[in-house]
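K.L.:
Quick one: the structure is below, and I'll ask about it shortly.
The values are calculated or read from the model by the stated rules, or taken from the named source; none is laboratory data. Treat the numbers as computed from the prediction; the structure is a model and nothing was measured. Neighbour counts are summed over all protein chains in view; Cβ atoms, including those assigned to glycine, are modelled from backbone coordinates with ideal geometry. Surface areas here come from the heavy atoms of the whole protein model, side chains and all, with no ligands, DNA or RNA. Shrake-Rupley method; radii C 1.70, N 1.55, O 1.52, S 1.80 Å.
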Amino acid sequence: MIVSTNELFKHAYGKYAIGAYNINNLEQTMGLFRGNMDSKAPFIIQISKGARSYTDKRMLEAMIRTADQIFPDAIFAVHLDHGDEEAAMDCINSGFYSSVMIDASMKPYEDNIATTQRVVKAAHASKITVEAELGQLGGVEEHISVSEDQVHLTEPDQAEDFVKRSGCDSLACAIGTSHGAYKFSGAQGVHFEIIEAIQKKMPGFPLVMHGSSSVPKDEVDRINAAGGKLKGAKGVDATQFLKAAKLGVTKINIDTDGRLVWCRVHREYFKEHPENFDLRPPGKVFMAEFAKYIVEKNRYLGSAGQLDAVRKFIGK
Ligand code: G3H
Ligand code: 13P
Ligand code: ZN
């Protein structure tokens, strides 16, 4: 059942975080639903601009609607990840999305506010909630690459002003993480002091952590042993998710780790079966492994086991 992102946030705030997982294809979709059902967790499906144009945005919608029928007990929200104004308006008008992200964080401050305000106005008129971003994370997404010297951590005073003036419903903060597999080169980590300062200023307001993949060493080692060349990859320690959740981080975005599962499964499968060319055998392994990966993430997020309580909370 597709529900409002806001309702999921209300139940989770201060206790656990909702996993926000990106999907691009059928196998990820099946693995995602299975994993969340196996761990009895509410979740958020994220669709990026790149995912919408990978095949056709209608294909993703159709897959999600069908998965909803196959897994009638699932409780989830559908969210546009890192939208620009055009994509956000398109999703709002589609009537399919629970929430949209408007990412105007690369614009000057006042422009970011004005753009976010326009999206909020349209979204709220359709009862859709809006995630905005302030500060700039590093790393690579399909349409944007931010180098280390362009990274700006979120300033708590500015965050309060931004939320008040833009009217957004949740805020993605730059707190030291970055997108992709190469987050930390040394001993850096999540800036909890920034999250704490923002929560003090805006208690009860949902914060979002982007760039939350852990890039597990054993996954990287297995990929490299099967012919990959990932060097120096390092991510967020998943044991810190609950600490962040208690400080108001209510949505945790994870994508790269799922791509690593895909890469490991396919590299290992074809290395072990060089005579094979069929897509279904590794596809089956991938769906099972993706489901296992979701179960493990939900355990760290604290969302595992919350499904019945959420169902009661939203009265459905
Ligand atoms: O933050 C970005 C997400 O990982 C989505 O990546 O834009 O390549 O689909 P993408
Ligand atoms: P990762 O690249 O760490 O998985 O982050 C994903 C993300 O923030 C999607 O918005
Ligand atoms: Zn992101």
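K.L.:
May I ask you to list pairs of residues, at least six apart or on different chains, whose Cβ atoms are under 9 Å apart, with the first in region 113-133 being closer than 12 Å to V100 by Cα and the second being basic (K, R) and open to solvent by 80 Å² or more (accessible area, probe 1.4 Å)?
P.N.:
Correct list of pairs: T116/R165.
K.L.:
Pull up region 12-70, narrow it to residues that are farther than 23 Å from T250 by Cα and among the basic types (K, R), then point me to the one that is most open to solvent (accessible area, probe 1.4 Å).
P.N.:
R58
K.L.:
Please count how many residues of region 286-316 are surrounded by 16 or more Cβ atoms within 10 Å (Cβ to Cβ) and without any contact (Cβ under 8 Å) to a residue 60 or more places away in the chain.
P.N.:
Of the residues in region 286-316, 1 are surrounded by 16 or more Cβ atoms within 10 Å (Cβ to Cβ) and without any contact (Cβ under 8 Å) to a residue 60 or more places away in the chain.
K.L.:
Let me ask another. Quick one: which of K201, K217, K234, K229 is among the charged types (D, E, K, R) and either more than 30 Å from E272 (Cβ to Cβ) or within 16 Å of ligand 1 (Cβ to nearest atom) (or both)? Break it down stepwise before answering.
P.N.:
Details: K217 fails: either more than 30 Å from E272 (Cβ to Cβ) or within 16 Å of ligand 1 (Cβ to nearest atom) (or both); K234 fails: either more than 30 Å from E272 (Cβ to Cβ) or within 16 Å of ligand 1 (Cβ to nearest atom) (or both); K229 fails: either more than 30 Å from E272 (Cβ to Cβ) or within 16 Å of ligand 1 (Cβ to nearest atom) (or both).
The unique qualifying residue is K201.
K.L.:
Could you tell me which residue of region 71-89 is surrounded by the fewest Cβ atoms within 10 Å (Cβ to Cβ), considering only residues that are in a loop (DSSP other than H, G, I, E, B) and more than 16 Å from ligand 1 (Cβ to nearest atom)?
P.N.:
P72
K.L.:
Which residue is surrounded by the fewest Cβ atoms within 10 Å (Cβ to Cβ), if the candidates are limited to region 228-266 and must be small (G, A, S) and in contact with a Phe, Trp or Tyr (Cβ under 9 Å, 6 or more places away or on another chain)?
P.N.:
G232
K.L.:
Restricting region 194-223 to residues that are β-branched (V, I, T) and under 26 Å from Q117 (Cα atoms), which is surrounded by the most Cβ atoms within 10 Å (Cβ to Cβ)? It would help to see each step written out before you state the result.
P.N.:
So the first thing to find is which residues in region 194-223 are β-branched (V, I, T), and the list is 194-195, 198, 208, 215, 220, 223.
Those still in the list that are under 26 Å from Q117 (Cα atoms) too: 194-195, 198, 208.
Details: I194: 21, I195: 23, I198: 27, V208: 24.
Here the answer is I198.
K.L.:
Another question, then. Could you tell me how many of the residues in region 169-193 are touching a residue at least 60 places away in the same chain (Cβ under 8 Å) and either more than 16 Å from ligand 2 (Cβ to nearest atom) or open to solvent by 10 Å² or more (accessible area, probe 1.4 Å) (or both)?
P.N.:
Here the count works out to 4.
K.L.:
Still on this structure, I have one more. Out of all the residues in region 225-234, is one or more closer than 22 Å to Y300 by Cα, away from ligand 3 (no atom under 16 Å from the Cβ) and under 22 Å from the mean Cα position of the chain (by Cα)? Step through it out loud before you land on a result.
P.N.:
From region 225-234, those closer than 22 Å to Y300 by Cα are 233-234; that's our starting set.
Of the ones still in play, those that are also away from ligand 3 (no atom under 16 Å from the Cβ) are 233-234.
Restricting the remaining residues to those that are under 22 Å from the mean Cα position of the chain (by Cα) gives 233-234.
Taking every residue of region 225-234 in turn, at least one turns out to be closer than 22 Å to Y300 by Cα, away from ligand 3 (no atom under 16 Å from the Cβ) and under 22 Å from the mean Cα position of the chain (by Cα).
K.L.:
Which members of region 42-66 meet the condition of being away from ligand 2 (no atom under 15 Å from the Cβ), within 18 Å of N93 (Cβ to Cβ) and not in a helix (DSSP H, G or I)?
P.N.:
D56 - this is the single residue of region 42-66 that is away from ligand 2 (no atom under 15 Å from the Cβ), within 18 Å of N93 (Cβ to Cβ) and not in a helix (DSSP H, G or I).
K.L.:
For residues that are touching a residue at least 40 places away in the same chain (Cβ under 8 Å), assigned to a helix (DSSP H, G or I) and polar (S, T, N, Q), tally how many sit in region 194-224.
P.N.:
1
K.L.:
With the requirement that a residue be touching a Gly at 6+ places or on another chain (Cβ under 8 Å) and either open to solvent by less than 40 Å² (accessible area, probe 1.4 Å) or not in a helix (DSSP H, G or I) (or both), what does region 90-118 give you? Steps first, please.
P.N.:
Narrowing region 90-118 to residues touching a Gly at 6+ places or on another chain (Cβ under 8 Å): 91, 100-103, 105, 116-117.
Within region 90-118, C91, V100, M101, I102, D103, S105, T116 meet the criteria.
K.L.:
Among the residues of region 174-194, write down those that are more than 16 Å from ligand 3 (Cβ to nearest atom) and in contact with a Leu (Cβ under 8 Å, 6 or more places away or on another chain).
P.N.:
Within region 174-194, H191, F192, I194 meet the criteria.
K.L.:
Condition (residue is basic (K, R) and closer than 16 Å to I314 by Cα) applied to region 2-16: is it met by at least one residue?
P.N.:
The first filter runs over region 2-16 and keeps only residues basic (K, R), leaving 10, 15.
Then keep just the ones that are closer than 16 Å to I314 by Cα; that gives 10.
Checked against the condition, which is being basic (K, R) and closer than 16 Å to I314 by Cα, region 2-16 yields at least one hit.
K.L.:
Would you please name the residue that is nearest to M101 (Cα to Cα), looking only at residues in region 9-42 that are more than 16 Å from ligand 3 (Cβ to nearest atom) and among the hydrophobic types (A, V, I, L, M, F, W, C)?
P.N.:
Taking region 9-42 and keeping what is more than 16 Å from ligand 3 (Cβ to nearest atom), we get 9-16, 25-42.
Within this subset, residues satisfying the condition of being among the hydrophobic types (A, V, I, L, M, F, W, C) are 9, 12, 26, 30, 32-33, 37, 41.
Numbers: F9: 15, A12: 19, L26: 23, M30: 24, L32: 21, F33: 22, M37: 26, A41: 22 Å.
Only one residue tops the list, namely F9.
K.L.:
While we're looking at this one, here's another question. Among the candidates R280, R264, R222, R259, single out the residue that is at pLDDT 95 or above and within 16 Å of ligand 1 (Cβ to nearest atom).
P.N.:
Working: R280 fails: within 16 Å of ligand 1 (Cβ to nearest atom); R264 fails: within 16 Å of ligand 1 (Cβ to nearest atom); R222 fails: within 16 Å of ligand 1 (Cβ to nearest atom).
Matching residue, one of R280, R264, R222, R259: R259.
K.L.:
Among the residues of region 119-141, count how many are of a type in the set (A, V, I, L, M), within 16 Å of ligand 3 (Cβ to nearest atom) and either surrounded by 21 or more Cβ atoms within 10 Å (Cβ to Cβ) or closer than 17 Å to K251 by Cα (or both).
P.N.:
As a first pass, look at region 119-141 and keep what is of a type in the set (A, V, I, L, M): 119-120, 122-123, 125, 128, 130, 132, 134, 137, 140.
Checking which are within 16 Å of ligand 3 (Cβ to nearest atom) leaves us with 130, 132, 134, 137, 140.
Checking the rest, the ones that are also either surrounded by 21 or more Cβ atoms within 10 Å (Cβ to Cβ) or closer than 17 Å to K251 by Cα (or both) come to 130, 132, 134, 137.
Number satisfying all stated conditions: 4.
K.L.:
Determine which single condition I144 fails, assuming it passes every other condition in (1) at pLDDT below 95; (2) touching a Gly at 6+ places or on another chain (Cβ under 9 Å).
P.N.:
Answer for I144: the failing condition is (2).
K.L.:
If G95 satisfies all but one of (1) within 18 Å of the chain's Cα centre (by Cα); (2) farther than 15 Å from I23 by Cα; (3) not aliphatic (A, V, I, L, M), what's the number of the condition it fails?
P.N.:
If we test G95 against (1) within 18 Å of the chain's Cα centre (by Cα); (2) farther than 15 Å from I23 by Cα; (3) not aliphatic (A, V, I, L, M), just (1) comes out false.
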